[in-house]
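What follows is calculated from the coordinates using simple rules that are stated; it is not laboratory data. Being a predicted model, the structure only gives us computed values, none of them experimental. Every residue, glycine among them, receives a Cβ derived from its backbone with ideal geometry; neighbour counts consider all protein chains shown.
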Amino acid sequence: MRVGKTILVLAFVSLLTLPLIALIGCGGKTPPTLSLTVTSPADGAELATSPVVLKGAVSDPEAVVTVNGELVEVDDKGKFSTIVALEEGPNAIEVVASSLEGEEVSAIITVIYAP
């Protein structure tokens with residue numbers, strides 16, 4: 001009977017220490033979660049001029065950001081902007097951010113160019 005209780009307690013302690021071990025493995029900090037926001041133009045916007053200035057922000061200022069495959073500079077606050085040429089009609093714009101830790105997030109917006 002006592003052996004069964006000991007095993008149960010050990011299993012319970014092991015389950016409680018797994019998150020603690022994971023937290024210690026991250027230097028005691030919660031692992032960062034990379035986020036990406038495109039602030040303009042709005043998804044679905046109808047635009048009369050091309051090119052358009054695309055603006056956004058990423059939660060990690062050290063992240064690498066690309067817009068339609070082209071590298072974009074990120075400032076020390078995580079903000080970025082770039083010029084995107086549009087073709088008449090719908091245009092999909094893909095923004096990808098990658099952290100140094102290997103995390104990756106992306107956003108695709110579609111704008112309509114109607115000159």
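Applying the selection to the range 39-55, what residues are under 15 Å from residue 110 (Cβ atoms), of a type outside the set (S, T, N, Q) and part of a loop (DSSP other than H, G, I, E, B)?
Passing the criteria: 41, 42, 43, 44, 45.
Report, by residue number, each residue of the range 56-89 that is surrounded by fewer than 13 Cβ atoms within 10 Å (Cβ to Cβ), touching a residue at least 24 places away in the same chain (Cβ under 8 Å) and in a strand (DSSP E or B).
83, 89
Report every pair of residues separated by at least 6 positions or lying on different chains whose Cβ atoms are under 6 Å apart, first residue within the range 36-47 and within 20 Å of residue 88 (Cβ to Cβ), second crowded, with 16+ Cβ neighbours inside 10 Å.
41/52; 41/111; 43/109; 45/111; 47/111; 47/113
Test residue 67 against the stated conditions and say whether it is under 15 Å from the mean Cα position of the chain (by Cα) and of a type in the set (A, V, I, L, M).
The answer is yes for residue 67.
Against the condition surrounded by 12 or more Cβ atoms within 10 Å (Cβ to Cβ) and closer than 17 Å to residue 37 by Cβ, how does residue 53 come out, does it pass?
no
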